[in-house]
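What follows is calculated from the coordinates using simple rules that are stated; it is not laboratory data. Just so we're clear, the structure is a prediction, and the values are computed from it rather than from any experiment. Here Cβ is always computed from backbone atoms with ideal geometry, including for glycine, and neighbour counts include all displayed protein chains.
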Amino acid sequence: MKGLLTLAIIVGAVTTLPADWNQFRGPAGGGVANGTASLPVDIGPDSPHLVWKSPLPKGHSTPIVHGDRIFLTGLDKKSLRTFAVNRLDGKIVWSVEAPYEKLESVHRIGSHATPSVATDGEVVISMFGSSGLFCYDVDGKQLWHRPMGPFNNSFGAASSPLLVDDRIVMVQDHDTGSFLAIYDKTTGDEVWKAERPNSRRNYSTPCIWTVNGKRQIVVAGSAHVVAYAFESGDVVWTVRGISRVVNTTPVVGDDNRLYVACTGGSETEQPVFAEVLKDADANANGTLEPDELPKSPIKSFFTQFDRDADGSLDKEEYNSIREIFSLSETVAMAIRPGGTGDITNSHVDWKESKSIPRNSSPLYYKGLLFLVADGGIATSINAETGEMLYRGRLSSTGKYYSSPAAGDGKIYIIGERGHLTVVSAEAEWKQVAESSFEEDVYASPAISDGCIFVRTVSNLFCFRLSQ
């Protein structure tokens with residue numbers, strides 16, 4: 001109760017806290033808490049630092065914190081909803097429905113409420129693949145709606161919107177119609193849209209990188225990292241050679257370098273179009289139909305690259321998938337600022353290919369890059385040199401969909417089955433605590449003003465040191 005009273009004083013005194021967690025992965029999308037507040041180590045359902053536990057509709061979106069409110073999305077009996085939770089006691093303050101015509105298919109462990117919201121304390125931006133983009137005020141009143149989905153993707157939509165000044169940044173990479181766009185916060189009107197024709201079903205959220213005073217929107221997907229000018233959508237630079245499917249989000253370090261880490265999809269060189277056509281074009285029509293293609297990754301992903309859905313692959317369609325497969329790499333890398341055009345060979349400072357995460361985004365903290373790979377393998381890397389400093393196994397194996405969050409010299413890591421491990425943020429990290437939430441966890445933790453918020457598949461927890 002003492003911790004609860006302290007929280008009431010803190011929250012009641014202000015409406016905007018300097019340590020708000022305003023988007024997916026918090027301030028600047030880095031997963032690192034602002035401020036110097038002390039954080040508890042031993043958190044879990046039976047922790048003495050538990051302030052409250054609140055049941056929620058199921059969803060994978062991260063808790064987004066601003067002032068005295070926490071914003072999330074969820075699916076409640078086939079109703080897509082955005083809701084606000086009182087930071088003081090965990091009670092739902094408001095809940096609004098996002099209408100849709102049809103729920104799209106999602107991955108077996110996915111959710112129709114995967115993208116996290118973004119807020120600046122004036123508006124709350126929600127994204128549902130089944131329905132599109134919504135804007136609410138902080139009291140839940142709908143200001144506008146921009147229909148979009150469902151998208152052509154059997155796994156659903158996962159990338160979260162960003163809110164930058166009066167602009168909304170959103171990328172959607174699917175089997176067809178992939179794009180990056182900026183929308184006006186007040187009206188929802190499209191400011192600009194950049195097509196991404198050779199990008200297929202990625203789930204990475206973009207990040208904002210300021211270089212020489214100008215903002216770039218960095219998007220990782222389909223074997224490429226691409227930076228777009230914030231004001232125009234023009235491509236600034238490209239780096240070739242990341243994974244075919246990207247689930248992780250790039251991060252900008254304190255050194256203003258960009259860090260990318262991803263693995264997903266096979267990496268294999270495919271034969272050129274002319275060779276396949278020569279041996280396989282049975283009807284001599286100059287294109288390749290599914291029954292003509294030899295068994296190969298390209299045949300397996302035929303529908304993703306049949307852009308015009310005419311049942312055949314022409315040379316351009318075939319080459320687009322061949323390029324992605326041939327360039328695909330499992331890799332972590334550091335990219336220095338200042339490049340234009342293809343900077344693959346000029347601005348990549350280092351690469352690492354071992355123990356790379358598939359879903360858990362990289363964490364830059366105190367000059368170190370931390371990676372959490374499936375199987376519970378955690379790696380610390382010297383961010384400046386790329387030297388692997390320490391690699392070890394966490395107390396829980398299995399898969400990791402949640403991205404780590406850091407603050408107060410600690411890193412909080414949660415596996416799919418709800419096992420939490422806290423490690424020290426140092427080169428040779430040490431495990432300092434562990435617990436189990438006894439429920440699956442896909443959402444990433446949020447940290448704000450000394451509070452840690454953990455979302456399981458059906459509950460939201462708030463932890464704080466007693467004052």
Nearest 10 degrees, 0 to 90: helix 315-327 Cα axis against the chain principal axis: 50
Aspartates and glutamates whose Cα lies under 16 Å from that of residue 58, excluding same-chain neighbours fewer than 8 positions away: 76, 97, 416, 438, 439, 440
Theoretical FRET efficiency, 1/(1+(r/R0)^6), r = Cβ-Cβ of residue 144 and residue 50, R0 35 Å, to 0.05: 0.40
Neighbour cut-off at most 15 other Cβ (10 Å), DSSP loop, chymotrypsin sites (Phe, Trp or Tyr not before Pro), region 178-285: none
Neighbour-limited loop hits for trypsin sites (Lys or Arg not before Pro), region 104-167 (at most 12 other Cβ within 10 Å; DSSP other than H, G, I, E, B): 108, 141
FRET efficiency, 1/(1 + (r/R0)^6) with R0 56 Å, evaluated for residue 291 and residue 167 via beta carbons: 0.75
Solution diffusion estimate, µm²/s, Stokes-Einstein, region 331-416, Kirkwood Rh from C-alpha pairs, 25 °C, viscosity 0.890 mPa s: 179
Projected label distance in nm at residue 336 and residue 96, using a 7 Å step from Cα toward the beta-carbon: 4.7
D (Stokes-Einstein, µm²/s), Kirkwood Cα radius, the chain, 0.890 mPa s at 25 °C: 108
Above-threshold pairs, the threshold being 32 Å between Cα atoms, out of 77/185; 185/399; 214/399: 185/399; 214/399
Label zone at residue 195 (point 7 Å along Cα-to-Cβ), backbone N below 15 Å, region 296-314: 306-309
Loop GluC sites (Glu not before Pro), region 383-467, which have at most 15 other Cβ atoms in a 10 Å radius of their Cβ (DSSP): 384, 387, 426, 428, 438, 439
Separation in nanometres of the label points that stand 7 Å from Cα toward Cβ, at residue 382 and residue 122: 4.6
Helix 2-13 vs. the chain, principal-axis angle (Cα, 0 to 90°, nearest 10): 70
Segment residue 431-residue 389, length gained on full extension (0.36 nm per residue, minus Cα span): 13.6 nm
Length released on extending from residue 299 to residue 283, taking residue separation times 0.36 nm less the Cα-Cα span: 4.0 nm
Size descriptor, Kirkwood hydrodynamic radius, that averages inverse alpha-carbon separations across region 361-467, Å: 13.9
Tail beyond 16 Å, pair distance distribution of region 273-324 (Cα, percent): 27
Under 12 Å, Cβ to Cβ, from residue 184 - net charge with Lys/Arg +1 and Asp/Glu -1: -1
